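Notes for the one structure printed next.
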Amino acid sequence: MRGSPVSGLLSSVVLLLLLQDARSVYIRHQGFQVQLESVKKLSDLEGQWGPNPRLQTQSFVPSMCHHPALPPDLQPVCASKEAASIFQALKSIAKDDCELCVNVACTGCL
């Protein structure tokens, strides 16, 4: 019995997603593990989403935590009281040739 073309396509997509995740570079900092690509998106989000004074007075989380496009692996950082300093540290680590694993916080480099 042969499988349907849809099931073959689905299997291929799942395999590609697994391979992509296996090749991802991760940054570990203060108990959080996030993808390097997600951290690189932070600067873009900051540029798109300026500080909102109303949100800043209502909470102690950075305004980017309210951005709808914040990558899912960065969302748990927003629950931390140290979210602003953690985001700053992650951005700094990402600038340090993380893809070459120069920084010990980076894992999964080729």
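Laboratory data are not the source of any read-out in this text; all were calculated from the coordinates shown. Treat the numbers as computed from the prediction; the structure is a model and nothing was measured. Note that each Cβ is placed from the backbone with ideal geometry, even for glycine, and that neighbours are counted across all protein chains shown.
Data for the structure
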quantity: Local net charge near residue 30, Cβ-Cβ under 15 Å (Lys/Arg +1, Asp/Glu -1); calculated: +1
quantity: Residue-span extension gain [residue 92 to residue 30] - 0.36 nm each, minus C-alpha spacing; calculated: 20.9 nm
quantity: Neighbour cut-off at most 12 other Cβ (10 Å), DSSP loop, trypsin sites (Lys or Arg not before Pro), the stretch 76-110; calculated: 81
